[in-house]
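**Q** I'd like to ask some things about the structure below.
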Amino acid sequence: MHHNLPMSETLETIRGACPHDCPDTCSLVTQVVDGVALKVQGNPDHPQTGGVLCTKVSRYAERTYHPDRILTPLRRTGPKGSGQFETVSWDEALDDIAQRLQAIAARDPQAILPYSYAGTMGLVQGESIAARFFHRLGASRLDRTICASAGAAGLEYTLGAKLGMRVEFFAESRLILIWGSNSIGSNLHFWRYVQEAKRNGAKLVCIDPRRTETADKCHEHLAILPGTDAALAYALMHECIVHGWLDHDYIARHTLGWAELRDRALEWPPERAAAVCGIPSEQIIQLAQDIGRCYEQQEPVAIRLNYGMQRVRGGGNAVRAVACLPAILGAWRHRAGGLLLSSSGAFPVRRDALQRPDLLAQSGVANPRLINMSTIGDDLLRPASPEFGPRIEALVVYNSNPVAVAPESGKVVAGFARDDLFTVVLEHFMTDTADHADYVLPATTQLEHWDIHASYGHTDVLLNRPAIQPLGQAMPNTQIFRELARRMGFDDPCFSEHDETLCRQAFPASVDFDQLLNRGFVSLPLPDAPFAEGGFPTPSGKCEFVSERLQAMGMDGLPAVLSNYEPLGSDARYPLAMISPPARHFLNSTFVNVQSLRDVEGEPVLEMHPDDAAARGVSDGDRVCVFNDRGQYECVTRVGLRARPGVVNGLGIWWRKLGLNGTNVNELTHQRLTDLGRAPTFYDCLVEVRRA
């Protein structure tokens, strides 16, 4: 590409990290000529990335130089939601914001709420100066649960932490269960290891209500109903018990509560689970036999669990049930056996150093209230009360787009439309949320700032160096919060620390920062097989089939099989279950405005099984209305076998204003929370469909 460069131009390659919410956390190489980023590629020197990027992030330069990028501070001039704004200077914007926040804080700082999630996974542009600012202010705390906290809690109560197999060793597994994950679309680099295992004769089984691109490439697909994963896990345990596929030595030495787990598993013969899961019992028996064959031949069985399966009422317990399987088989003895949901517990992140919760002491608020990000629709509409505390009067949104991504968006929109709510949004683009802001502040993209990253799919630390100068007047999140802190009179020296300094603070000295500067990544020194000899980070040091911590809270100590809040068949008006997995070319609501990616997706889609479509007179390509008591959403049908009977797949997450009737799939989801981890239940949702 650069052979034809004029002599005056110099080509630089800058190493960085992909900031997006994905297990792969790729190492990036950006090619820069005279201060302009020409191309973003995967780093060939990083083994986990292997020079390969997904379609989305390979368009990162297109996103950074997008003609719609916000490059100056904006102040609202029209009604909320109208998208009418005028350009103002940074000083005007920040002075006014600081003044208004100070006036609210003088009454009660808890009337101010930060709202952020994983728009960047970076530890510095995520919660460093921002967290310091809100701690010092004494603002309400945000319970950041919108993605993964149910599964995280399930792991922590069973294995003790978010730990598991090292992803590279899936290449040596003999049976791989891909459970609640569309790896080709959302975990591409794991899929490369799976392909290697498959070429070496491994059997691949996909467990997912949707026939994903990943399911197409597996040997078997179990299209279970949403929210029935725990029943399937127990039926597999039942068969292992009945046939003696049990590592009694591992169970005796490294687990807690086997007798109780055994008794409960024996209540779940395949026929019972098949009726609950909505699949033939033969499929369960066959999968159990595959597991048994590996057990008898001492071949490793590996489970790649992902977050899709925990977005239902019983999601935390379902993860617990699945996490028991490797221990009863002794699969953890092999480095290519066991389970991986998240590796993030392996990273020694110094969160307190970055976020400085000690600053709360200066705020005058000892213990600010905790507001769950998944119930923001209800919470913005709540009046002040003794239980709830003050009404939310101000929101500062960064790294998130709640109007599009939070559940039951009819209520979220109503909350954001409140005239008496002061809203500041840090953004790259005019999202649905930015349209409702009083001020929109231009933030930098990953190519324009420093950051440092852990991962939840591998075990390398990555450094991101800025490849180009910020475009226009864009500022890093950190700098915006530094400027606000100064105007609010927060003079602690920690508010003036440089971003590179923060990157150095993020990890202990055992993570070699010079190596990060030179190579862009450092691999954590970890054992090949973390639990080969037990050593689980639980209170007992064992894999806890029975959790005494849960029992102490009055909950079931064993993994419970919980039905959905809205189980199929429970409401005759809404006879279809709906899940809303991501469209392949979007990442949550990121990339929806990148034209080349939206062109591939076309329009918002609802996948329907031919039987369900025929019963409603719906044909492929028809425009339909999907509805329930919470709202309605228009989209286009794709009739085919991606959907199983009784379940429709509403692919997300479109920006509302780019949808067909100004809504998206979250118009239909509800705000109830999971059994463990206080997480949302997006895939626990009943609907009906009619032609529009």
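The values are calculated or read from the model by the stated rules, or taken from the named source; none is laboratory data. Values in this document were obtained by computation on a predicted structure and should not be read as measured data. A quick note on method: Cβ atoms are made from the backbone with ideal geometry, for glycine too, and the neighbour counts reach across all protein chains shown. These accessible areas exclude ligands, DNA and RNA; they are computed on the full protein's heavy atoms, side chains included. Shrake-Rupley method; radii C 1.70, N 1.55, O 1.52, S 1.80 Å.
**Q** Each label point is 7 Å from the Cα along the Cα-to-Cβ direction; what then is the distance between the points at Leu370 and Asp514, in nm?
**A** My value for the distance between the label points is 4.2 nm.
**Q** Right, next: Using C-alpha positions alone, give me the convex hull volume of the range 126-246 per residue in cubic angstrom.
**A** 162
**Q** Next question. Over the chain, what percent of the accessible surface lies on carbon and sulfur atoms, probe 1.4 Å?
**A** Its accessible area is 49 percent carbon and sulfur atoms.
**Q** I need the phi-derived Karplus couplings for the range 561-578: 6.51 cos²θ - 1.76 cosθ + 1.60, θ = phi - 60°, integer Hz, Gly and Pro marked x.
**A** 9, 10, 6, 5, 4, 10, x, 4, x, 8, 9, 4, 6, 10, x, 10, 8, 10
**Q** Could you tell me the calculated FRET efficiency between Asp611 and Glu271, based on Cβ-Cβ distance and R0 = 25 angstrom, to the nearest 0.05?
**A** 0.60
**Q** Enumerate the calculated ³J(HN,Hα) couplings along the range 626-639 in order (Karplus 6.51 cos²θ - 1.76 cosθ + 1.60, θ = phi - 60°), each rounded to whole Hz, writing x wherever the residue is Gly or Pro.
**A** Per residue, the Karplus-derived 3J(HN,Hα) values read 9, 8, 7, 5, 8, x, 9, 9, 9, 7, 10, 7, 10, 8 Hz.
**Q** Moving on. For the residue pair Thr87 and Ala384, what label-to-label distance in nm results when each label sits 7 Å from Cα along the Cα-to-beta-carbon direction?
**A** 4.0
**Q** Restricting things to alpha carbons, tell me how big the chain is in terms of Rg and Dmax, in Å.
**A** Both quantities, over Cα of the chain: 24.9, 76 Å.
**Q** Using the beta-carbon distance between Arg549 and Gln362 and R0 = 25 Å, what value does 1/(1 + (r/R0)^6) give for FRET efficiency, to the nearest 0.05?
**A** 0.15
**Q** Determine the per residue accessible area of the range 138-209 with all protein chains present and a 1.4 angstrom probe, expressed in square angstrom.
**A** 25
**Q** Test of the criteria: in the range 469-578, which GluC sites (Glu not before Pro) are in a DSSP loop and have at most 15 other Cβ atoms within 10 angstrom of their Cβ?
**A** Glu533
**Q** State, to one decimal in nm, how far the label point of His243 lies from the label point of Ala106, with both points 7 Å from Cα in the Cβ direction.
**A** Between His243 and Ala106, the simple spin-label model gives 7.3 nm.
**Q** Label the range 533-669 by shape, choosing from rounded, prolate and oblate, from the square roots a ≥ b ≥ c of the eigenvalues of the Cα gyration tensor; if a/c is under 1.5 it is rounded, and otherwise prolate applies when a/b is larger than b/c, oblate when it is not.
**A** It is prolate, given that a/c is not under 1.5 and a/b is the larger ratio.
**Q** With +1 on each Lys and Arg Cβ and -1 on each Asp and Glu Cβ, and nothing else charged, work out how big the dipole of the range 443-489 is about its Cα centre, in Debye to the nearest 20.
**A** That gives the range 443-489 a dipole magnitude of about 240 debye.
**Q** Using Cα-only point scatterers and the Debye equation, what is log10 of I(q)/I(0) for the range 302-435 at each q in 0.11, 0.18 Å⁻¹, rounded to two decimals?
**A** -0.67, -1.13
**Q** Continuing with the same structure: For Leu305, what residues show an amide H to amide H distance below 5 Å, using hydrogens built from the backbone and excluding near sequence neighbours?
**A** Those lying under 5 Å, H to H, from Leu305 are Trp179, Leu340, Leu341.
**Q** May I pose another question? If you place +1 on the Cβ of every Lys and Arg, -1 on the Cβ of every Asp and Glu, and leave all else neutral, what size is the dipole of the chain about its Cα centre, to the nearest 20 Debye?
**A** About 280 debye.
**Q** Under 16 Å from a point placed 7 Å out from the Cα of Val349 along the Cα-to-Cβ direction: which residues of the range 8-25 have their backbone N that close?
**A** 17-25
**Q** Considering only DSSP beta bridges with both partners in the chain, what is the antiparallel share in %, to the nearest 5?
**A** Given both bridge residues lie in the chain, the antiparallel proportion sits at roughly 50 percent.
**Q** Say R0 is 25 Å: what FRET efficiency, to the nearest 0.05, do Gln195 and Glu500 get from their beta-carbon distance?
**A** With R0 = 25 Å, the Cβ-Cβ based efficiency is 0.05.
**Q** Which of Gln515, Ala265, Ser186 sits closest to the plus end of the dipole of the chain, meaning its Cα is farthest towards the positive end, when Lys and Arg get +1 and Asp and Glu get -1 on the C-beta?
**A** Ala265
**Q** Dipole of the chain (Lys/Arg Cβ +1, Asp/Glu Cβ -1, origin at the Cα centre): which of Leu641, Asn372, His670 lies farthest to the positive side?
**A** Leu641
**Q** Taking the solvent-accessible surface of protein heavy atoms with a 1.4 Å probe, what is the per residue accessible area of the range 594-692 in Å²?
**A** Value returned for the range 594-692: 35 Å² of accessible area per residue.
**Q** Given the pairs Lys39/Lys198; Lys217/Lys657; Lys411/Lys657, which span a C-alpha to C-alpha distance of over 24 angstrom in this model?
**A** Those over the limit are Lys39/Lys198; Lys217/Lys657.
**Q** What is the set of long-range amide H partners of Leu113 at a cut-off below 5 Å, with H atoms built 1.01 Å from backbone N?
**A** Ala394, Leu395, Val396
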